[in-house]
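Note sheet for the following structure.
The values are calculated or read from the model by the stated rules, or taken from the named source; none is laboratory data. Worth saying up front: this structure is predicted, and the values here are computed from it rather than measured. For neighbour counting, all protein chains shown are included, and Cβ atoms are generated from backbone atoms with ideal geometry for every residue, glycine included.
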Amino acid sequence: MRRLETMLGAILLASVLGTASVADATAAAILGTWKTPKHDGKVVIAECGAAICGHVIDGRELRANPNQTDVHNPDPVKRERRILGLNILEGYTGGPTEWTGGSVYDPQTGDSSDDSTLTLQAPNTLVVKGCRFLFCRSETWTKIASQ
């Protein structure tokens, strides 16, 4: 009986560890640095607790003015925050090819969406889609580095 318990314990432990590594591998596919199609932007997607988030690390306008602020934000209180380092993707969960439940923010327009998805179409191709009411907008980002 003790031997059966030991075997069942080992199987349970292996299945838990196997699940953890599958989750890590799932998240790893989206982690890294991504190039956006507008303004030569770059966003780092990383794990933020149990979710996925992304922050701005580069862009054509940022190279000219690294102190650029979020002047298009509809909330006047947030207009003074810097674009460099700003989280524009927050709270996404899921995988292995689609993450949902988060929000996306476009500092170039001040638009945001809580109805959004991140879809990995290929290892280096990510579609970022945000919807407001019945209107949706999407961009295709290209992976340029892994974490």
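Before moving on, here are some points about what is shown:
- Filtered residues of region 118-135 (kept if in a strand (DSSP E or B), more than 11 Å from Leu89 (Cβ to Cβ) and either aliphatic (A, V, I, L, M) or modelled with pLDDT of 95 or more (or both)): Thr119, Leu120, Gln121, Ala122, Thr125, Val127, Lys129, Cys131
- Options Gly59, Gly102: the member that is under 22 Å from Asp40 (Cα atoms) and crowded, with 16+ Cβ neighbours inside 10 Å: Gly59
- Count - residues of region 83-117 that are in a strand (DSSP E or B), over 9 Å from the mean Cα position of the chain (by Cα) and acidic (Asp, Glu): 4
- Residue within region 132-140 that is of a type in the set (Phe, Trp, Tyr) and surrounded by fewer than 16 Cβ atoms within 10 Å (Cβ to Cβ) present: yes
- Taken together, the residues in region 31-88 that are touching a Ser or Thr at 6+ places or on another chain (Cβ under 7 Å), farther than 18 Å from Thr117 by Cα and touching a residue at least 60 places away in the same chain (Cβ under 8 Å) amount to 1.
- Given (1) touching a strand residue (DSSP E or B) at 6+ places or on another chain (Cβ under 9 Å); (2) over 27 Å from Glu61 (Cβ atoms), number of the condition Leu134 does not satisfy: (1)
- Of all the residues in region 106-124, those that are surrounded by 13 or more Cβ atoms within 10 Å (Cβ to Cβ), more than 13 Å from Val43 (Cβ to Cβ) and out of contact with any strand residue (DSSP E or B) (no Cβ under 6 Å at 6 or more places or on another chain) number 2.
- The lone exception for Leu89 - which of (1) on the phi < 0 side of the Ramachandran plot; (2) modelled with pLDDT under 95; (3) touching a Gly at 6+ places or on another chain (Cβ under 6 Å) it fails: (2)
- Being basic (Lys, Arg) and within 21 Å of Ile30 (Cα to Cα) is a property that holds for Lys129.
- Residue in region 16-31 that is at pLDDT 95 or above and under 16 Å from the mean Cα position of the chain (by Cα) present: yes
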